[in-house]
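The values are calculated or read from the model by the stated rules, or taken from the named source; none is laboratory data. Just so we're clear, the structure is a prediction, and the values are computed from it rather than from any experiment. Reconstructed Cβ throughout: ideal geometry from the backbone, glycine too, with neighbour counts over all protein chains shown. What goes into the accessible areas is simple: the full protein's heavy atoms, side chains included, and nothing from ligands, DNA or RNA. Shrake-Rupley method; radii C 1.70, N 1.55, O 1.52, S 1.80 Å.
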Amino acid sequence: MTIPAPMVNWGTSEIAKELTTESLTRLADRKLAAIHVSGYYPADVAAEVAQEAIRHPELENYKTQRAGGVGRVHLPHFDVRWNEGLSRRYHDGAIESVRDVRAMFHPYLAPVDQLRLDLEELWPAGANLMRLHGRPCFVGAFRVFNPDTSEFAPHNDAIDQETDAPEIEGIVNQLVANIYLQVPKRGGTLQLWTREPTAVEVEILRESAGLNRDLVGPPDVEISPASGDMVLFSSRMLHAVTVAEGDHRVGAAAFIASKGLNHPLTYWS
C-alpha cells in the first residue's frame, strides 16, 4: 500500500482584500489563503477585450485532459512541459505573444502589465520576467471557459512538474494571479483547498483530468469574482473552477515564483 507523504497545510482560510507588501508576503509565506482585490481593473475595458479573446485566432484548448475543455490564447508553458520542440516554439514566440496581448488592451495598460508593475514595487526585492535556460517566457495568457462545458477539476500547478531549468532552483512557493475580464451570472466559482496534494493524489494527477471532488472533500474557500477583480493564491494548493453557466468566463493569468524576500519574484504564463 502507498503511504501518502505529509501534506503542506496553510492552516488558514483568511482572504486579504488589498494587494500590499504585507498581503503579498503573507500569501507567499502561506499565512493567507488568497488575496481578492475587487475592481482591480476597469470592468468596461475588461469586457471589451474578453470578446476579443473569445474570437482570437490563436484560441485553442489546453492540450491536457486536466483542462476540461478550457481554452487559452497563445502557447502557455503548461502545454510545453518536457517537450523540446514545443519549448523552442514557446520561447521563440514569447515576446511576440506578450506584445500581442498588450496590443489588445491599447491604449489602456494590460492587466498583467499592471500586475507586473505592482509586483516590482511591492515585493522587497522587486520582480522580473521568468527566464528558463536563459530564454524569456511568455506572460499574460487568457483562459476562456466555454458556457456550460468548461471546468477545472481539483489539481495543483508547480513549475518543477514542467521543467528542470536551473532558474527554478530555490523556488519555495508558486502563486497564480487571475484578473477576471468576464464572468457568468452563475457558476465559474474558484474553489480552494488549503493544502497541497498528497503523494497518492500527485500520482493520480499525472494520469487524469483531475481529482474527484467527492473524494477530495468540500473546499475550504470559494470565491465568485466579478469582472475586473483579481484573485491571487498559491497554485501549489489544490484548486478547481466550476462550470460557467450560460456565458463565457474569461481571465488573464500569470504564475509567480517566490524564492524568499531577498530574491525577486519571477512571473510567466
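Of note:
- Fraction in percent of alpha-carbon pairs per bin - 10 Å, the chain: 7, 31, 40, 20, 2, 0
- Compactness relative to 2.2 N^0.38 Å, alpha carbon Rg of the stretch 42-196: 1.07
- Share of carbon and sulfur in the accessible area of the stretch 114-263 stands at 46%, probe radius 1.4 Å.
- Cβ-Cβ distance of GLU60 and ARG213, R₀ of 25 Å, FRET efficiency by 1/(1 + (r/R0)^6): the value works out to about 0.45.
- Separation of alpha-carbon centers, the stretch 12-40 and the stretch 162-188, rounded to whole Å: 15 Å
- Both radii are taken from the alpha-carbon atoms of the stretch 229-269; with Rh as the Kirkwood radius, Rg/Rh is 1.07.
- Long-range Cα-Cα pairs in the stretch 186-249 (distance over 15 Å), rounded percent: 56 percent
- Accessible area per residue for the chain is 44 Å², calculated with a 1.4 Å probe on protein heavy atoms, without ligands, DNA or RNA.
- For VAL243, the residues whose amide H sits under 5 Å from its own are GLY188, ignoring neighbours fewer than 5 places away on the same chain, with H placed 1.01 Å from N.
- At q = 0.13, 0.14, 0.20, 0.24 Å⁻¹ the log10 of I(q)/I(0) for the stretch 155-268 amounts to -0.56, -0.65, -1.19, -1.38, computed by Debye summation with a single uniform scatterer per C-alpha, solvent ignored.
- What the Cα atoms of the stretch 109-168 give is an Rg and a Dmax of 15.1, 42 Å.
- For the stretch 80-132, the alpha-carbon coordinates run over 35, 30, 12 Å along the three principal axes, in decreasing order.
- 3J(HN,Hα) couplings calculated from phi for the stretch 36-43 with the Karplus curve 6.51 cos²θ - 1.76 cosθ + 1.60 (θ = phi - 60°) are, in sequence order, 10, 9, 6, x, 4, 10, x, 5 Hz; Gly and Pro show x.
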